[in-house]
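> My questions will all concern the structure given below.
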4 protein chains.
Amino acid sequence: MIKVGIVGGTGYTGVELIRLLSRHPQAQVTMLTSRSEAGRRVDDMFPSLRGVTDLTFSDLDEKKLAACDVVFFATPHGVAMKHARFLTENGTKVIDLAADFRLQSLQDFEAWYKLEHACPDILKDAVYGLPEVNRDAIAKAKVIGNPGCYPTTAILGLKPLIDAQNSQQQALIEPWIIIDAKSGVSGAGRQAKMNLLFSETSDSFSAYGVAGHRHAPEITQGIDQILGQSKRFQPHDIRFVPHLVPMIRGMFTTIHVRLTAAGQALDLQSLYETSYQNEYFVDVMPKGMYPDTRSVRGSNYLRIAVQTLENSPMATILVVQDNLVKGAAGQAVQNMNVMFGLAEQTGLALVAVVP
Amino acid sequence: MIKVGIVGGTGYTGVELIRLLSRHPQAQVTMLTSRSEAGRRVDDMFPSLRGVTDLTFSDLDEKKLAACDVVFFATPHGVAMKHARFLTENGTKVIDLAADFRLQSLQDFEAWYKLEHACPDILKDAVYGLPEVNRDAIAKAKVIGNPGCYPTTAILGLKPLIDAQNSQQQALIEPWIIIDAKSGVSGAGRQAKMNLLFSETSDSFSAYGVAGHRHAPEITQGIDQILGQSKRFQPHDIRFVPHLVPMIRGMFTTIHVRLTAAGQALDLQSLYETSYQNEYFVDVMPKGMYPDTRSVRGSNYLRIAVQTLENSPMATILVVQDNLVKGAAGQAVQNMNVMFGLAEQTGLALVAVVP
Amino acid sequence: MIKVGIVGGTGYTGVELIRLLSRHPQAQVTMLTSRSEAGRRVDDMFPSLRGVTDLTFSDLDEKKLAACDVVFFATPHGVAMKHARFLTENGTKVIDLAADFRLQSLQDFEAWYKLEHACPDILKDAVYGLPEVNRDAIAKAKVIGNPGCYPTTAILGLKPLIDAQNSQQQALIEPWIIIDAKSGVSGAGRQAKMNLLFSETSDSFSAYGVAGHRHAPEITQGIDQILGQSKRFQPHDIRFVPHLVPMIRGMFTTIHVRLTAAGQALDLQSLYETSYQNEYFVDVMPKGMYPDTRSVRGSNYLRIAVQTLENSPMATILVVQDNLVKGAAGQAVQNMNVMFGLAEQTGLALVAVVP
Amino acid sequence: MIKVGIVGGTGYTGVELIRLLSRHPQAQVTMLTSRSEAGRRVDDMFPSLRGVTDLTFSDLDEKKLAACDVVFFATPHGVAMKHARFLTENGTKVIDLAADFRLQSLQDFEAWYKLEHACPDILKDAVYGLPEVNRDAIAKAKVIGNPGCYPTTAILGLKPLIDAQNSQQQALIEPWIIIDAKSGVSGAGRQAKMNLLFSETSDSFSAYGVAGHRHAPEITQGIDQILGQSKRFQPHDIRFVPHLVPMIRGMFTTIHVRLTAAGQALDLQSLYETSYQNEYFVDVMPKGMYPDTRSVRGSNYLRIAVQTLENSPMATILVVQDNLVKGAAGQAVQNMNVMFGLAEQTGLALVAVVP
């Protein structure tokens, strides 16, 4: 059994980690920390966990944490980077669900998160935890930056096209990509903020981060990584606009691209199906079917549909996931499975809750 | 492996059975029938099942069904009773999620469901599938009438009090019980009806069945069964009023009772905790905690809280469940587990999806 | 034009007052105060008011407020009572939407609200602002305690029965009344509390105040007032349990009573229709029709249905209103209309927003 | 008083017309028809109208309809065109809320609606009822094609930019426009369809019409009309993808454009503010504020925000409206006001219902 620690189990990604790991056949949560709730049973705070776990929150004690095989940080940005050195030096792997180890550019990190990075050397060796892109590196990593929810959909939604650009050594899409994304409210976390109240967000729809959002540089970095040595997109070539949907979970990302003549000659449906045929968690919908977010509610699947139009250079890529599972805690467990050599779906064979 | 057939897999209880059974370690769905959808893959209809099952709907063929060990009927009222004889004569057990085998009184059945019963003799031997009440009989049963969602909450909410009446041989509550129940919209099934449209039910709350509801006689029967030879309640002593909540899943039943002097002398909290201490799926909340429906969303748990008031004869019992799981498909699988000698929670150790 | 001041326009009852009064043909909001938002335009905070009003929040200045003909307090409990003396001494009428002038019993007020009352003498002359009960007193009042949302439904739901008891001089209902009430989330106000987050309350249903709620003594007082010299109910005879519904607006109150033999002889439908035939805002549904909350969304109507059962002493009274309109701001404007001799529906002829 | 007839008052646009017109000071609904509901009071079907109107549905009788000054068709596509000749020949104006008089191209109409047009000559003289674009023509029109909900947002969202292109006689945006639109469920109408059930659409998000949607040619036509003699966009240059939001009312349209060098030199904020400064119902949000759909819920306002980015050619235009008001019935009443020489906001000075 893998001994697991969770730092910060009072937020939505924390409770989701507990939900998933409590039924994981080869992992056991042995430590759960929270400064504010130390001494309290987690099922007192989340009655949905009654009968599921006996865990009690404790104070964060680095030495005790280092007895775990792996520690998940379900904390605000800036916490994991303070503990990564001690833990990794003691042989404990780190999976950070916040942003401390996502952006390789210190300048971007500091500009977007208004934090000085505590361990740039560790960051340099950290791996961006998107298994469908970086599986081999994840398997060997000591520190994982678990991807943001939006970047997961954007990067996996574009990957087959960009891989094809690389292998064909020519541009298939014009360098103007629109990522119009929509997220359920749980994506904003468990924070007592006025704008997240039921009476404020229910029966309404809005945009946010319209002037710029932290996930934009992460998306650009992810695309650049796949692009590799070939022509880079400029940051402004990717326009990312997130929206808030009156639903709890679920993320729907609509990607609009303009195909070049070479791109129009492609069979995108077949390209996507082939590209993901061996991925357990990525499902390419059959031609003419489009995903809805509920089809992944509570599960670790990410579904994609592609649509081209006759006599038009435009293509639309639709991507859905549960923002708390494949977009956060599920992906983190998937990373853990890869890191410990388990089958990737271990403990993650969840069927979406529909209706 | 238990070979399972499902008749009528296109409704919400049907798809929920598939969700549960697809991950059941000792059962396998080998047949799934639907008149209207024969030949269609179930994951074409419910994309949430893509990657989970390869099942295809077939026409209902009694002989083929009889090759199953057990057949679940997730059909409208009146279907299971037409096939129960053939199946049971061929050694196949029947679990009906509709009402054909719930009411022992033919008169009540015909009055409330406007159907003549096709097999009164089989009905007589059928067992009301509420394991916490009838576990032993279920273990031996050939035909199970899986309880209605509301009766499950009402009967389990009142059972400890009535058992105590029996053991103390005196009345603990006055014979006027108010069952004010609230259900998510999925309880009405997957039917294209105007009043179930999103634009009709969202952001609104209503009552229905105010002049009488089919689950009233079922609740009365369940209470009477527990009451046994002691004083029976008259049907009009139980007032059941259901309401529709703008949520998909979840049932919340508020039971108002008036305690007798003997009843007021009881420690209800302790009575309930003791009563259910060995039940895996029934959770009595600690004093001062009250359940919400999301705490059981997607899981087979039923949670109960009891509240008495100082200087008052009144007591309030709050019961929640997921109407599609403990209120329907989960309870059906629980019954199957009992019938086949499996641990009751086999395949049902689901953690509620929160948030 | 009536000059209107609003103290505390940043909450939901405040913004609702502005919505209603901005279109009132005989009133004009001339002052709007908020400590925290002084200097800010109200439509900067509530963009729904852009193009509707030019009002800017100012600090509370008693002297300036006293230039108004009437001041509404849409503030927390305990604010209005501090200003009532100054305002009324200067000829300004006061309508408090909080609880300062609801409970005539100082003991009850202090027990339930944990506040010492600042002006018991003014409280003594204050009028409980339920026009359908106290119209004449309201017309002459200087200070109005605008009713709580739940008590409005409970008192108007029971009034015809209790009036009939009085006129028949015999009990028509047994002294055990169950008030099982359900409210939309806006009833909890605009407060940044964790339990009011979308992700906490959406797609879920819960009870609260199960061990006791501030509106219980207010309901009892209201019923007692109608009962007058006849037999009083004891506080514990009324059991009030509120619930939280995942909708923004709307309140649905299910009242369960047990009729005496004399009560069973009554034609309740006719009693209710007659009782409210001259009330503009109270609508008794035809026999067999039941109200839903959306039918009053955004309007000042309160709808009632009554249901009796054959061979049963039980009766059910269903009451709906928009908690922010008839349950708060609309009723306050209705009170203002009565106080200033206007037709009661002036500025309140709003049609519910359906769907 | 303008005598108004409504054909087809059983759908959502019909009941919304009644809501608006019942409080219109210079119009009176004198006739309301429905084949299926003839003889039934409308408030029996929509209890929200109890106390508001005494209207009863009648059969459609052209002669009686012709006694009206104006007839609204809140019917399926293809109904209005059958009655337009008789009505206009008898001096009755026609406002069709369906698509019969929207598309000037017969070929487009027949291709997208699969109907042969009944009166191409009348269509030729019909006016597209978007007052902010066609006010003068509407004032003189006999037949109005009331715009689709999506085209209203798309055309008004782009108009200032295109007007500026015309006046500057140079391209300001590249000819690739992405219209990523999101609508509440009421936009699909009041139809008993499975995919519109609460349990299917709540807590989920989806796209539809991904391969093509009827509003695309209408948007293109609207843009072309404004473009006039200048360079036309090709149909494929506008990519329109609609999505379904789990809310009742509200439409949010995100328009992504790429500015030319000349476009980047513009101050878009100022351009939009100036462009709409005299429009009662179009509100340009201040720089840095973004609209949410609830800010227009139940009202006839349409709000717009524009966002440019430093060092980027991209611009984003956000547009919200209530799809049933400015997107349908409210705009129809606005058209009526223009046609009959009334102030445009007559009967439409509704304040959005928030929260």
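> Using the Karplus equation 6.51 cos²θ - 1.76 cosθ + 1.60 (θ = phi - 60°), what ³J(HN,Hα) coupling, rounded to whole Hz, does each residue of the range C:316-327 give in order, writing x for Gly and Pro?
10, 10, 10, 10, 10, 7, 7, 4, 8, 9, 4, x
> Moving on. Using DSSP, restrict attention to beta bridges with both residues in the protein assembly as shown and report what percent are antiparallel, rounded to the nearest 5. If you can, show how the numbers build up before the last one.
Details: 106 of 230 bridges.
Taking every DSSP beta bridge with both residues in the protein assembly as shown, the antiparallel ones total about 45 percent.
> Further question on the same structure: Taking just the alpha carbons, could you work out the radius of gyration and Dmax for the range A:2-125, both in angstroms?
When restricted to Cα atoms, the range A:2-125 yields Rg and Dmax of 14.7, 46 Å.
> Sort A:Met289, D:Met251, D:Met339 so the one with the fewest other Cβ atoms within 10 Å of its own Cβ comes first. Intermediate results must be reported in sequence, preceding the final value.
Working: A:Met289 13, D:Met251 29, D:Met339 22.
Final ranking by Cβ density, sparse to dense: A:Met289, D:Met339, D:Met251.
> Another one. Which value results when the Cα radius of gyration for the range B:293-332 is divided by 2.2 N^0.38 Å?
Against the compact-globule rule of thumb, the ratio is 1.49.
> Continuing with the same structure: Return the FRET efficiency for the residue pair A:Ser312, A:Ala137: r is the Cβ-Cβ distance, R0 is 51 Å, and the value is rounded to the nearest 0.05. Don't skip to the end; give the middle numbers.
Numbers: r = 38 Å, r/R0 = 0.75.
Taking R0 as 51 Å, the efficiency between A:Ser312 and A:Ala137 is 0.85.
> Let me ask something else about it. Can you give the convex hull volume of the alpha carbon atoms of the range A:150-323 per residue, in Å³?
Roughly 121 Å³ of hull volume per residue.
> Further question on the same structure: Let me know the whole percent of all Cα-Cα pairs from the range A:195-278 that are separated by more than 19 Å.
59
> Using label points projected 7 Å from each Cα along Cα→Cβ, tell me how many nm separate D:Leu227 and D:Gln28, to one decimal.
Result: 4.8 nm between the two label points.
> Just how many pairs of Lys in the range B:150-323 have C-alpha atoms closer than 28 Å, counting pairs that are eight or more places apart or on different chains?
5
> Next up: Can you work out the base-10 log of I(q)/I(0) for the range C:227-355 at q = 0.13, 0.21 1/Å, using the Debye formula on its C-alpha atoms alone?
Those come out to -0.66, -1.30, one per q.
> What fraction, in whole percent, of alpha-carbon pairs in the range D:80-236 exceed 27 Å separation? It would help to have the intermediate numbers written out before the result.
On the way: 4011 of 12246 pairs.
Beyond 27 Å sits 33 percent of the P(r) for the range D:80-236.
> With a Cα-only, solvent-free Debye model of the range D:120-208, what are the log10 I(q)/I(0) values at q = 0.12, 0.13, 0.19, 0.23 Å⁻¹?
-0.61, -0.70, -1.01, -1.12
> With n ≥ 4 as the cut-off for DSSP H runs, can you work out [θ] at 222 nm for chain B, using -39500 (n - 2.57) per run divided by the number of residues, rounded to the nearest 500?
Estimated from H runs of four or more residues: -8500 deg cm²/dmol.
> Give me the Kirkwood hydrodynamic radius of the protein assembly as shown in Å, from all C-alpha pairs, to one decimal place?
Every distinct Cα pair counted, the radius reaches 33.5 Å.
> Which order results if D:Lys3, B:Lys182, C:Lys93 are arranged by neighbouring Cβ count within 10 Å, fewest first? Mind dumping the intermediate values first?
Working: D:Lys3 15, B:Lys182 29, C:Lys93 21.
In increasing order of surrounding Cβ atoms, one gets D:Lys3, C:Lys93, B:Lys182.
> Another one. Calculate the FRET efficiency for C:Glu116 and C:Met289 from the Cβ-Cβ distance with a Förster distance of 35 Å, rounded to the nearest 0.05.
0.15
> Further question on the same structure: Suppose each label sits 7 Å from its Cα in the direction of the beta carbon; what would the D:Gln168-C:Met1 distance come out to in nanometres?
Placing both labels 7 Å beyond Cα along the Cβ direction yields 4.2 nm.
> Please work out the Kirkwood hydrodynamic radius for the range D:83-174, using every pair of different C-alpha atoms, and report it in angstroms with one decimal place.
The Cα-based Kirkwood calculation yields 14.6 Å.
> Here's another thing I want to ask about it. What does the extension gain come out to for A:Ala38 and A:Gln107, with contour length at 0.36 nm per residue minus their alpha carbon separation? Numbers along the way, then the final one.
Details: separation 69, 0.36 × 69 = 24.84 nm, distance 3.53 nm.
Gain on extension, A:Ala38 to A:Gln107, equals 21.3 nm.
> Please report the equivalent ellipsoid semi-axes of chain B, computed as sqrt(5 x eigenvalue) of the Cα gyration tensor, largest first, in whole Å.
In descending order, the three semi-axes are 33, 22, 20 Å.
No value in this document is a laboratory result; all are computed from the given coordinates. Note that the structure is a prediction, hence the values are computed from the model and not measured. Glycine also receives a Cβ, built like all others from the backbone with ideal geometry; neighbour counts cover every protein chain displayed.
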